[in-house]
Ligand code: TXA
Ligand code: MG
């Protein structure tokens, strides 16, 4: 049986599983989350594989409290006042990633899909709080459903999509709708996703109305570049499906047959493992981007996580032209 009661003993057990890189499901007051150690690249890659999403969307990182959140992200005065007034609750704040070490060690770049920002949430559900206290690391967790399915609001829903996933049963989610997401990347916070915390309550804290920047509104995003980076875009130009490497290029390789390269070569997975490749994708790109102006990228098989890797590479290549 993979659905277990949320006893103190089971919470300890789940914390151990998370520490050893496993994915588990846990309750929050909004929906059940599919959680892993946010700092474990391969565990984060597994989330995308489990959900079966053809894209890497940035994930919400769950933390115990504002103090832990402030180790990972940079809080403007307004972001801090929202957090102080409303955490723990169904509120996610997108803030710039801190450039200090903890942010990079404790949250995989893959968890934020390579973006220099982080979505942070302090859930109120006592089981989520106990799990976060037991495990100590931040938990990267999207809703615990397969891509395209409804978000689970009870443990039995999780079991429908993931019959073998260890799931802590915390009863029925009291709110039943995802958290409200506020972008705090600029002076003025913006509403990115409506959710179960009423935006009016947040506006009351701020003392004024929030403007709404729908997360899927690509037109608004283009009109307001920099307002919210949607996708990781390297400075260096990317040349995809490269079979050979030119003199001025660094190489992002995959598999054992990498062509020779005079400049820096980083291999996503010498064994050709797509989970390992996904885990390394953004950190390798960042490293190559700091040393080269052009990056040749070997072909990646377009199956399983390879489709999500190719999706990101294509967007990054288009952005860098
Ligand atoms: O209630 C919830 O929010 C649930 C529970 C489990 O916490 N989680 C959830 O996660 O709904 P998910 O993965 O289904 O939604 C995450 C949303 C995505 O739509 C993504 O675009 C946004 O958060 N997001 C995450 N990181 C972001 C970032 N750095 N910038 C902008 N949006 C971000
Ligand atoms: Mg979801």
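Screening the stretch 113-133 for residues that are under 18 Å from residue 190 (Cα atoms) and within 16 Å of ligand 2 (Cβ to nearest atom) and picking the one that is farthest from the chain's Cα centre (by Cα) gives 121.
For the stretch 185-201, residues that are buried (at least 18 other Cβ atoms within 10 Å of the Cβ), more than 30 Å from residue 155 (Cβ to Cβ) and in contact (Cβ under 8 Å) with a residue 24 or more places away in the chain total 3. Among residues of the stretch 169-181 being buried (at least 19 other Cβ atoms within 10 Å of the Cβ) and over 19 Å from residue 60 (Cα atoms), the one that is nearest to ligand 1 (Cβ to nearest atom) is 170. Could you grab me the full set of residues in the stretch 118-135 that are surrounded by fewer than 19 Cβ atoms within 10 Å (Cβ to Cβ) and in contact (Cβ under 8 Å) with a residue 60 or more places away in the chain? Of everything in the stretch 118-135, those that are surrounded by fewer than 19 Cβ atoms within 10 Å (Cβ to Cβ) and in contact (Cβ under 8 Å) with a residue 60 or more places away in the chain turn out to be 124, 129, 133, 134. Does residue 197 meet the test of being assigned to a loop (DSSP other than H, G, I, E, B), touching a helix residue (DSSP H, G or I) at 6+ places or on another chain (Cβ under 7 Å) and at pLDDT 95 or above? So residue 197 fits the description; yes. Residues of the stretch 10-32 that are in contact with a helix residue (DSSP H, G or I) (Cβ under 7 Å, 6 or more places away or on another chain) and within 16 Å of ligand 2 (Cβ to nearest atom): 23, 25, 26, 27, 28, 32. Restricting attention to the stretch 295-309, the residues that are surrounded by fewer than 19 Cβ atoms within 10 Å (Cβ to Cβ) and either more than 20 Å from residue 256 (Cβ to Cβ) or in contact (Cβ under 8 Å) with a residue 60 or more places away in the chain (or both) total 2. Checking 73, 35 one by one, the residue that is out of contact with any helix residue (DSSP H, G or I) (no Cβ under 6 Å at 6 or more places or on another chain) and farther than 24 Å from residue 176 by Cα is 73 and no other. Restricted to the stretch 124-141, and to residues that are in a loop (DSSP other than H, G, I, E, B) and touching a strand residue (DSSP E or B) at 6+ places or on another chain (Cβ under 6 Å), which residue is nearest to residue 58 (Cα to Cα)? Among them, the one singled out is 141. The set of residues in the stretch 142-184 that are more than 15 Å from ligand 2 (Cβ to nearest atom), assigned to a loop (DSSP other than H, G, I, E, B) and either in contact with a strand residue (DSSP E or B) (Cβ under 6 Å, 6 or more places away or on another chain) or free of Cβ contacts under 8 Å to residues at least 60 places away in the same chain (or both) comprises 165, 166, 172, 184. Sub-6 Å Cβ pairs linking a first residue in the stretch 223-241 that is on the phi > 0 side of the Ramachandran plot and surrounded by fewer than 16 Cβ atoms within 10 Å (Cβ to Cβ) to a second residue that is modelled with pLDDT of 80 or more and part of a loop (DSSP other than H, G, I, E, B), at least 6 apart or interchain, are 241/299, ordered by first then second residue.
The values are calculated or read from the model by the stated rules, or taken from the named source; none is laboratory data. Quick caveat, the model's predicted, so the values are computed rather than measured. With ideal geometry, Cβ positions are generated from the backbone for all residues, glycine too; neighbour counts draw on all protein chains shown.
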